[in-house]
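Inspection log for the structure reproduced underneath, given as structure tokens.
What follows is calculated from the coordinates using simple rules that are stated; it is not laboratory data. The shown structure was predicted, so the numbers you read here are calculated from the model rather than taken from an experiment. We place every Cβ from the backbone using ideal geometry, glycine too, and count neighbours over all the protein chains shown.
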Amino acid sequence: MEIAFKGKRILVTGAGQGIGRGIAIELWRAGANIVAVSRTKSHLETLHGEYPSIDIVELDIADWDKTRQVIDSLGPFDALVNNAAVAICEPFLECSPNDFDRTFDINVKAVLNISQVVAKKMIEKNIHGSIVNISSQASKAALKDHAIYSASKAALDALTRAMALELGPKGIRVNAVNPTVIMTEMAKVGWSDPARANEMKAKIPLGRFGEVSEVVNAVVFLLSDRSSMISGVELPIDGGFLAT
């Protein structure tokens, strides 16, 4: 199945490394004009050095007002990938207000903020766009030391459904993908210990963690016209973890 985005403008947050970087590159290869957002300048510079036609924007999306101003200045987009996230892993009894606020500011509040700006421009320009939010299997199943992270991703799933409901009549589709562990730098925070990693893999029928490309492929499909009747879904990419 060939999927092309020639002439389409797509915004990808958290695009400096990991899943976001993979998504930005694959969409670029499919012909899209990519704007990559990250708060880490060095990651953006590396991406731009390899793919000079990808536009880069250094931005801390936890800053509501600045983010709104910057995203608005970028003009209209045909699609959006809300990938930027933080993972603070700690036991439930040790969760702090600061960690809660930081996690929700990035994983939920920033998604609301950026999506509002992008969706309003889609509506103004009569663009039948697509938005994909990167969630997690942690929104669907309890994972040790993931209380705040899991709560934030569950909130993101709920936000995805609400967005799909309200933006659908405007011709905008909104979906989420819910990957299992993908061994990016962020995932290593919670899964670098071999004993813990093996315990998780034992619960996955396919017996392994996922690859970045396996998330990227699902996102590309959901952004494309090939999924034109799919909206409001939360798609597990988990090797069967949630089926057990």
- Among 20, 210, 75, whose mean-square fluctuation peaks in a Gaussian network model of the chain (Cα, cutoff 10 Å)? 75
- Item | Placed amide H near residue 237: partners under 5 Å, 5+ positions off or other chain | 178, 180
- Cα to Cα, under 18 Å, and not fewer than 8 places away if on the same chain: which lysines meet these conditions relative to residue 8? 120, 121, 125
- Message: Taking the 0 to 90 degree range and rounding to the nearest ten, how far is the long axis of helix 147-167 tilted relative to the main principal axis of the chain, both from C-alpha atoms?
- Response: 30
- Message: With semi-axes √(5λ) of the Cα gyration tensor in Å as the read-out, I listed (i) 24, 23, 18; (ii) 27, 20, 19; (iii) 37, 28, 18; which label goes with the value calculated from this structure?
- Response: (ii)
- Message: With a 10 Å cut-off between alpha carbons and a GNM built on the chain, which of 132, 12, 212 moves the most?
- Response: 212
- Within straight-line cross-link reach of residue 201, lysines at Cα separation under 18 Å, skipping those fewer than 8 residues along the same chain: 140, 144, 188
- Message: Compute, for the chain, the length of the dipole vector about the Cα centre, with Cβ point charges of +1 (Lys, Arg) and -1 (Asp, Glu) only. Units Debye, rounded to 20.
- Response: 540
- Would you mind pulling out the separation of the Cα centroids of segment 59-102 and segment 188-231, in Å? 21
- Message: Based on the alpha carbons, how large is the Rg to Rh ratio for segment 55-196 when Rh follows Kirkwood?
- Response: 1.00
- Quick one: Karplus J couplings for segment 26-40, per residue in order, coefficients 6.51, -1.76, 1.60, θ = phi - 60°, nearest Hz, x for Gly and Pro? 5, 5, 4, 5, 8, x, 6, 8, 9, 10, 9, 10, 7, 8, 9
- Task: Compare 156, 74, 165 in a GNM of the chain, Cα atoms joined below 10 Å, and give the one with the largest fluctuation.
- Result: 74
- Query: Could you give the angle, 0 to 90 degrees to the nearest 10, between helix 41-50's Cα long axis and the longest principal axis of the Cα atoms of the chain?
  - Reply: 60
- Query: Along the charge dipole of segment 9-236, which of 64, 231, 42 sits closest to the positive end, that is, farthest toward it, with unit charges on the beta carbon of Lys, Arg, Asp and Glu (+1, +1, -1, -1)?
  - Reply: 231
